[in-house]
């Protein structure tokens with residue numbers, strides 16, 4: 001069981017879960033895998049980024065779907081209201097910070113809710129998350 005969890009595939013799933021509305025810590029697993037030297041840093045960067053971006057896009061899709069399904073509901077959580085102000089002001093560029101703890105998930109959710117362009121969202125989320133994981137790899141390699 002540990003072989004799966006402590007592998008690039010396990011990193012993918014950890015990153016996926018970490019970037020949805022569920023808590024997680026894929027950076028610690030990435031750091032451990034990099035320090036172990038058993039896997040290519042490029043493979044680890046790819047797996048962490050793909051999983052994390054997929055999770056953020058799921059969160060974006062949840063926001064899009066909920067806004068369509070319940071259009072008259074307001075975003076009433078304080079973190080969603082803060083994220084809404086940021087997304088309305090900066091658009092998809094604010095999604096460069098989708099990797100941040102606490103505010104990253106609400107940013108993705110609100111971007112979907114506000115129907116920020118899907119491709120622009122995907123590009124900025126991917127760029128921000130790739131850079132974050134590259135820094136982690138650089139610190140532990």
TODO: Of all residues in region 105-136, count the ones that are more than 13 Å from the chain's Cα centre (by Cα), closer than 20 Å to residue 47 by Cβ and surrounded by fewer than 18 Cβ atoms within 10 Å (Cβ to Cβ).
DONE: 2
Task: Extreme residue, farthest from residue 127 (Cα to Cα), among residues of region 66-77 that are surrounded by fewer than 15 Cβ atoms within 10 Å (Cβ to Cβ) and at pLDDT 80 or above - done: 69
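Restricting the search to region 84-104, which residues are closer than 23 Å to residue 26 by Cα and surrounded by 12 or more Cβ atoms within 10 Å (Cβ to Cβ)? Spell out how you get there, then give the answer.
Going residue by residue through region 84-104, those that are closer than 23 Å to residue 26 by Cα are 94-104.
Scanning region 84-104 gives 94, 95, 96, 97, 98, 99, 100, 103, 104.
The values are calculated or read from the model by the stated rules, or taken from the named source; none is laboratory data. Predicted, not measured: the structure shown is a model, and the values here were computed from it. Heads up, the Cβs are rebuilt from the backbone with ideal geometry, glycines too, and the neighbour counts pull from every protein chain shown.
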